[in-house]
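Structure first, then comments.
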Amino acid sequence: MILKSNMNIEEIKKDVFQFVYDNAFTSRENITDDVLIFKNGFLDSMGLVMLVTHLEDTFNIQTADADLVEENFESINAIAAFVEKKKTQ
C-alpha cells in the first residue's frame, strides 16, 4: 500500500470517492462530493469500519472514538475535511 499522507484536498476526495464507489451499494453516477453516503444507504456500519480503517492506513491518521460522529463521515467533502484536519494534528 502506498502511503498518501501528502495529498491535497482534491486528491483526498478522489481517493475517498474511489473507496466509496468500490464498496457502495449504488452506481457511480449517484456518488457526488455532497451526497449523504450513509443516509442514502451507500455504505452500512461495516462500510464505516472499513472506511475508517482505509483512512487510517492510507493517510497515516488516528481516529478516536470522539471522531466517529456523522458530521465527519456524511459525505466525501466531510470525509476529506476530516482527513485534512487529522493530518495537521
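Where a number appears in this text, it was derived from the coordinates with a stated rule and is not lab data. No experiment lies behind these values; they were computed from the predicted model shown. Reconstructed Cβ throughout: ideal geometry from the backbone, glycine too, with neighbour counts over all protein chains shown.
Observations
- The chain: relative contact order in percent, alpha carbon pairs under 8 Å with at least 6 residues between: 39
- For the pair Val69 and Val49 in one chain, pulling the backbone fully straight at 0.36 nm per residue adds 5.9 nm over the alpha carbon distance.
- Residues Ile37, Ile9, Ile31 arranged by fewest to most Cβ contacts within 10 Å: Ile9, Ile31, Ile37
- Among the lysines of the chain, pairs that are 8 or more positions apart or on different chains and have alpha carbons within less than 18 Å of each other number 11.
- Fully extending the segment from Lys14 to Gln62, taken as 0.36 nm per residue of separation minus the present Cα-Cα distance, adds 15.3 nm.
- Taking other C-beta atoms within 10 Å as the exposure proxy, Leu43, Leu55 rank Leu43, Leu55 from fewest upward.
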